Amino acid sequence: MLSEVLKYHKRYLSIMAAKQVSCLVENTLDVIGGRWKVLILQQLFGGVKRFNELRRALAGITHKTLTQQLREMESDGIIHRKLYPQVPPKVEYSLTPLGKTLKSVLTAMHNWAERHGAALRGRKQRIGASRVLSMRAVTQ
């Protein structure tokens, strides 16, 4: 009985150790994940932007989605929102020092995609084509 408990505990510790690493990556993905956050960051790497500048630069994003994404990023501490007390209100967004550190992360992701993107696209095309062929066989 004791040996089973120790065996279980040892397995639990190894799973939790692996989860610790995974959680750190998950934390990063929580901060930059989603369709728009990386694109917002790309815009802000170029300097301070106002809300409508971001909205125009990000074709297809809605006012609500941009507002939500900016609030999340501000909450995560990667962007700074500066509100000027004037009418109409003027708001500017910029990267915090923490947000600026994400440039190297995104650069690494870009470089990985450049190196492996063609192979991934080719694989997806082959899988997509085989799925179409198998669907044809099922429907005929």
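Starting from residues that are assigned to a strand (DSSP E or B) and of a type in the set (Ser, Thr, Tyr), keep the ones in region 79-97 and report whichever is surrounded by the fewest Cβ atoms within 10 Å (Cβ to Cβ).
First, the residues of region 79-97 that are assigned to a strand (DSSP E or B): 79-84, 90-95.
Add one more test, that the residue is of a type in the set (Ser, Thr, Tyr), and what stays is 84, 93-94.
Details: 84: 9, 93: 21, 94: 14.
By that ranking, first place goes to 84.
Considering region 28-47 alone, what residues qualify as being of a type in the set (Lys, Arg) and under 17 Å from residue 94 (Cβ atoms)?
Step one: list which residues in region 28-47 are of a type in the set (Lys, Arg), which gives 35, 37.
The answer is 37, and nothing else.
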Study note, to complete from the structure: Reported set for region 46-78 where residues are surrounded by 12 or more Cβ atoms within 10 Å (Cβ to Cβ) and outside any helix (DSSP H, G or I) is 48, 49, 50, 58, 61, 76, 77, 78
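No lab work stands behind these numbers, since they all come straight from the coordinates. Here the structure is a predicted model, which is why all the values come from computation and not from measurement. Cβ coordinates were reconstructed from backbone atoms using ideal geometry, including for glycine residues, and neighbour counts include every protein chain displayed.
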